[in-house]
Every structure is written in C-alpha cells, then in structure tokens.
1. For B:F64, indicate whether it is closer than 25 Å to A:P107 by Cα, at pLDDT 95 or above and at the interface with chain A (Cβ under 8 Å from one of its Cβ atoms).
2. Would you kindly identify the strands (runs of 3 or more DSSP E) lying entirely within region A:24-114 that contain at least 3 residues that are within 17 Å of B:G102 (Cβ to Cβ), free of Cβ contacts under 8 Å to residues at least 40 places away in the same chain and within 14 Å of another protein chain (Cβ to nearest Cβ)?
3. For region A:45-67, does any single residue satisfy the condition of being among the charged types (D, E, K, R), under 11 Å from the mean Cα position of the chain (by Cα) and farther than 20 Å from A:G3 by Cβ?
4. Within region B:73-110, take every residue that is at the interface with another protein chain (Cβ under 10 Å from one of its Cβ atoms) and in a strand (DSSP E or B) and give me the one that is surrounded by the most Cβ atoms within 10 Å (Cβ to Cβ).
5. I'd like the residue in region A:40-54 that is more than 30 Å from B:E10 (Cβ to Cβ) and at pLDDT below 90 and, out of all such residues, is surrounded by the fewest Cβ atoms within 10 Å (Cβ to Cβ).
6. For B:K70, which of the numbered conditions (1) of a type outside the set (S, T, N, Q); (2) away from every other protein chain (no Cβ under 14 Å); (3) touching a strand residue (DSSP E or B) at 6+ places or on another chain (Cβ under 6 Å) fails to hold?
7. Considering every residue within region A:10-17, establish whether at least one is under 11 Å from the mean Cα position of the chain (by Cα) and either crowded, with 18+ Cβ neighbours inside 10 Å or modelled with pLDDT of 90 or more (or both).
8. Mind checking whether some residue in region A:84-102 is hydrophobic (A, V, I, L, M, F, W, C), more than 24 Å from B:V4 (Cβ to Cβ) and in contact with a Lys or Arg (Cβ under 6 Å, 6 or more places away or on another chain)?
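The values are calculated or read from the model by the stated rules, or taken from the named source; none is laboratory data. Everything quoted here is computed from the prediction, not taken from an experiment. Note that each Cβ is placed from the backbone with ideal geometry, even for glycine, and that neighbours are counted across all protein chains shown.
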Amino acid sequence: GAGVSQSPSNKVTEKGKDVELRCDPISGHTALYWYRQSLGQGLEFLIYFQGNSAPDKSGLPSDRFSAERTGGSVSTLTIQRTQQEDSAVYLCASSPRGPSYEQYFGPGTRLTVT
Amino acid sequence: AQTVTQSQPEMSVQEAETVTLSCTYDTSESNYYLFWYKQPPSRQMILVIRQEAYKQQNATENRFSVNFQKAAKSFSLKISDSQLGDTAMYFCAFKVDGGSQGNLIFGKGTKLSVKP
C-alpha cells in the first residue's frame, strides 16, 4: 500500500517568510510524528499527534513552529518568520496505533532558508 | 532523560565482509524498545531491526543482527556479507514502552560506506 508522503520534497524560502510543510500518513494510522534532521545531526522530535487527543508539542523549538492535523489524517507543519537555523530536513512518521508501535517515515522535506 | 550515543561518525567495509556499528544508551526505564534505522541518500528512513528490552534473545533479520547487552546499555548492529546497497546512514533509536509520548530518541548516526 501507499506509504507516508510529504510535500514539497524541497523548499527554498527567504528569511522571514512563512512556510507550510505537508504530511499524508498511511491510511488508518492514528499516530503522527514530526521530526527535524539538521545537517550532521540525528533526528530531533518536534510534535506528536494521537487520534483526537491534544498534541504533544514538547519538542517544538520555538513559538514560530506550529502544527495541526485535520480529520485525524493530513498534518501541516508551519514555520513562521523563518530563520537560517530552521534549514533542515523535516521528516514525518506515522504509526498504526499509539506509542508502542513502529513508526513509518516519509521521504522528508528539505527546507533551505536563504 | 534518555540519550543515545553512536561513537562512530563514519565507517567503511569491503563488500562481502562483516561490520559492527556501536550504540549505547542511557535510561532509567526498564521497559523500552531499541531500533536501528537505515537512511540512504534518498532520505527515506527504513527500519532495519528492532529489539524489545524484555527479550533476552538478540534480534536477527537476514544479514542484520544485534548484540543487545541490557546491563551495559549497549545495542550494536552487525551487518554480515555487506552489500553495496548497505551504504547509508545508520541511526540507533530508543523508545519507552507505553507512556504518553512514544517518540523515538535518535543517536547522531554512523555513515557506512561499502566499498567494492
């Protein structure tokens, strides 16, 4: 079946602009995660959605970052007033149920802030 | 807080040989999962192998096996009969069993190059 998809694949933006990154999880997966992968670093957790529960935002690095998940499916990660340090690959993952299940990753969005 | 450490930023191996990637972690939890993910240049993170902490038997998936030493908090990955397609970044990851979060905690990765 279809895996996790993300769009756009690559995004170049000017410093100070807002960007939206999209994630389509695997159908039926109730858990959705966003991670950030900076150059030479491992993946850093950003936010976690589980069903209709309030999201766990504990990993968001600043209030410029926000995310929503509509209808328990598609998720959008928004970065306002982008800074150069926001340049990274943003990865989305979904999981069939809650925290104990394996996560399946999308191909990521490479964000470059100039 | 949990941490994952991969002490080898880069490694190389000849095709058909065996290589071991190291991973150590720190946690006060008793129930957790450990994973090795592979990330080729395509950026797609692919699960290689997983280990439940309560299982004493080391996990094996074809050419991939782990050496899980719970007391030492060590979780190394052995790749046998290395193939050119194994060239990738390899990430060790940790997840608490249950709980309200479930996010993976990753090491910084090891870049593996398989040479012909």
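1. Numbers: closer than 25 Å to A:P107 by Cα: yes; at pLDDT 95 or above: yes; at the interface with chain A (Cβ under 8 Å from one of its Cβ atoms): no.
In short, no.
2. On the way: elements: A:31-37, A:43-50, A:65-69, A:75-79, A:88-95, A:109-113.
The qualifying strands (runs of 3 or more DSSP E) are A:43-50.
3. Step one: filter region A:45-67 for residues among the charged types (D, E, K, R), giving A:56-57, A:63-64.
The next check asks that each one be under 11 Å from the mean Cα position of the chain (by Cα); those that pass are none.
No, the conditions are met nowhere in region A:45-67.
4. Just the residues of region B:73-110 that are at the interface with another protein chain (Cβ under 10 Å from one of its Cβ atoms), to begin with: B:89, B:91-93, B:95-109.
Retained after the next criterion (residues that are in a strand (DSSP E or B)): B:89, B:91-93, B:95-96, B:105-106.
Values: B:M89: 19, B:F91: 25, B:C92: 27, B:A93: 24, B:K95: 23, B:V96: 21, B:I105: 21, B:F106: 22.
Ranking the candidates gives B:C92 first.
5. Within region A:40-54, the first condition is being more than 30 Å from B:E10 (Cβ to Cβ), and the residues that meet it are A:47-54.
Now narrow it down to the ones that are at pLDDT below 90: A:50-54.
Details: A:Q50: 21, A:G51: 11, A:N52: 9, A:S53: 12, A:A54: 7.
Going through the qualifying residues, I end up with A:A54.
6. (3)
7. Checked against the condition, which is being under 11 Å from the mean Cα position of the chain (by Cα) and either crowded, with 18+ Cβ neighbours inside 10 Å or modelled with pLDDT of 90 or more (or both), region A:10-17 yields no hits at all.
8. Of the residues in region A:84-102, the ones hydrophobic (A, V, I, L, M, F, W, C) are A:88-89, A:91-93.
Subset that is more than 24 Å from B:V4 (Cβ to Cβ): none.
No, that holds for no residue.
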